[in-house]
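For reference, the structure discussed in these notes is given below.
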Amino acid sequence: METETAIKRLSAIAQEARLEVFRLLVKAGPGGMAAGDIARAVETPANTLSAQLLTLANAGLVRARRDGRSIIYAVNFNAMRDLLSFLTEDCCGGRPEMCVPFTAARTDCRDTRTGDRHETPARPRRRGQS
C-alpha cells in the first residue's frame with residue numbers, strides 16, 4: 001500500500017463519529033447495514049451520516065450497494081486488512097513472536113454469525129522488498 005492511501009484511510013477514521021460508523025459496519029460483517037439502520041444505531045441525522053459514509057467510501061474503507069429502495073453499506077475488508085498490514089509490516093524489531101496477534105488478525109477473520117473462517121490471501125510485496 002502506498003503511504004498516501006494509508007494516510008487517506010487513517011484520516012477517514014480519525015474522527016469519532018466516522019470511527020463509530022466504521023466499527024459498527026465491521027461488527028455487521030460482509031452483509032453490511034442499510035443506511036437508515038446505521039443512522040438509527042449511531043443516532044445521527046441522515047445528512048450527517050451521508051457525509052460520514054462518503055468520506056469512508058472515498059477512502060476505500062466502505063462500499064455501497066443498492067438493495068431495492070435501500071442503500072447497504074459494508075466494510076471493504078480487504079482495504080481494512082491492507083491498512084492493518086501496512087501499519088504492522090515492519091513490526092517488532094526482528095522479534096516476530098511479538099507480532100503473532102497482529103498477523104493472526106490479518107489472516108484469520110471469522111464471520112461471527114456463521115463461524116466461517118475467511119483467510120486473507122498473502123499480501124503482495126511492495127517494490128524494493130525481498
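Things to note:
- Residues in the stretch 70-86 carry Karplus couplings, in order, of 9, 10, 9, 10, 9, 5, 7, 5, 5, 5, 5, 5, 4, 5, 4, 5, 4 Hz; the curve used is 6.51 cos²θ - 1.76 cosθ + 1.60 with θ = phi - 60°, and Gly or Pro positions show x.
- Once the mean of 1/r is taken over each pair of separate Cα atoms and inverted, the stretch 41-86 shows a Kirkwood hydrodynamic radius of 11.6 Å.
- Cα gyration tensor shape for the stretch 1-90, rounded if a/c is under 1.5, else prolate or oblate: prolate
Read-outs: derived from the displayed coordinates by stated rules, not from any lab. Everything numeric in this text was worked out from a predicted model, so none of it was measured.
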